[in-house]
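In what follows, a single structure is set out as structure tokens and then discussed.
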Amino acid sequence: MTDFLVQNFNVFRGLHILAAIAFMAGMLYLPRLFVYHTKATPGSEMDETFKVMERRLLRGIINPASILTFVFGLALILADSQIRGWSFLTQPWMLTKLAALVGLYGWHGFLSAARRKFERGENMRSETFWRITNEIPFVLAIVIVLAVTTKFLDH
């Protein structure tokens, strides 16, 4: 199996990047929907529309893309372990990436719980909260991408 992963490393890297793009697009859009949803009158047509949009975005794009990002990431780790050995997992750049990923997947869980609260009409967060926190996934993406692409210039 690992020979297949090594031979197709660039294909898996490309699929990982594409899945991550879809994941990030959804993670950036969902809090923006929450910003506007906070203004909707509970039980109104707009409230119901936002509930449908948020549910479809999370279940149809964010969740599948997050799973694919994770699976292709694991494939890359397995392939890389055959190419370079397992020691790369303890490098500062990789530990930074993994820490940022824990944060990103934690934020994903937080947004999922928030969507359920909106669904039940129990959102207690302000429009300002959602505007400010909308940037969290992008900040984490910056950390992840720069950690991987620069490896902190530790070649």
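In degrees, nearest 10, range 0 to 90: what is the angle between the Cα axis of helix 9-37 and the longest Cα principal axis of the chain?
With rounding to tens, the tilt is 20 degrees.
Would you calculate, for the chain, the mean residue ellipticity at 222 nm contributed by helices, counting each DSSP H stretch of 4 or more residues as -39,500 (n - 2.57) and dividing by all residues, to the nearest 500?
Helix contribution divided over all residues of the chain: -26500 deg cm²/dmol.
Using alpha carbons only, how many degrees (0 to 90, rounded to 10) separate the axis of helix 45-57 from the longest principal axis of the chain?
The angle comes out near 10 degrees.
First measure r as the distance between the Cβ atoms of Thr149 and Gln7, then evaluate 1/(1 + (r/R0)^6) with R0 = 22 Å and state the FRET efficiency to the nearest 0.05.
0.40
Could you identify which residue out of Ile61, Ile77, Ile132 has the top mean-square fluctuation in a GNM of the chain using Cα springs shorter than 10 Å?
Ile132
Count the lysine pairs in the chain whose Cα atoms lie under 24 Å apart, taking only pairs 8 or more positions apart in sequence or on different chains.
4
Is the shape of region 104-148 best called rounded, prolate or oblate, per the rule: a/c under 1.5 gives rounded, else a/b larger than b/c gives prolate, else oblate, with a ≥ b ≥ c the square roots of the Cα gyration tensor eigenvalues? Please report the intermediate quantities before stating the final value.
Values: a/c = 5.32, a/b = 2.05, b/c = 2.59.
Oblate is the answer for region 104-148, as a/c is 1.5 or above yet b/c matches or exceeds a/b.
If you build a Gaussian network model of the chain, linking Cα atoms that sit under 10 Å apart, which residue out of Val145, Val71, Val35 swings the most?
Val145
What residue among Ser44, Ser112, Ser81 has the largest mean-square fluctuation in a Gaussian network model of the chain, using Cα springs under 10 Å?
Ser44
Of all the C-alpha pairs in region 77-118, what % are more than 14 Å from each other?
Counting pairs separated by more than 14 Å, the tail of P(r) holds 62 percent.
Treating the beta-carbon of each Lys and Arg as +1 and of each Asp and Glu as -1, no other charges, what is the dipole magnitude of region 94-137 about its Cα centre, to the nearest 20 debye? Mind dumping the intermediate values first?
On the way: 7 positive and 4 negative charges, 19 e Å.
Around 100 debye, computed over region 94-137.
Considering the alpha-carbon set of region 4-155 alone, what are its Rg and its Dmax in angstrom?
Just the Cα atoms of region 4-155 yield Rg and Dmax of 17.9, 57 Å.
Could I have the simple spin-label model distance between Tyr105 and Val71, label points 7 Å from Cα toward Cβ, reported in nm to one decimal?
That separation, rounded to one decimal, is 1.5 nm.
If you plug each phi of region 105-110 into the Karplus form 6.51 cos²θ - 1.76 cosθ + 1.60 with θ = phi - 60°, what whole-Hz ³J(HN,Hα) values come out, in order, with x for Gly and Pro?
5, x, 5, 4, x, 4
Along each principal axis of its Cα atoms, how long is region 1-52 end to end? Whole angstroms, biggest number first, please.
56, 16, 11
So if I average 1/r over every pair of distinct C-alpha atoms in region 29-91 and take the inverse, what Kirkwood radius in Å does that give?
Working: mean 1/r = 0.0692 Å⁻¹.
So the Kirkwood estimate lands at 14.5 Å.
Distance in nm between label sites at Met46 and Gln91, each 7 Å beyond Cα in the beta-carbon direction?
Once both label points are built, they end up 5.0 nm from each other.
Values quoted throughout were computed directly from the atomic coordinates according to the rules given, and no laboratory measurement underlies them. All values reported here derive from a predicted model rather than from experimental measurement. Because the Cβ atoms are built from the backbone with ideal geometry, glycine has one as well, and the counts that use them run over all protein chains shown.
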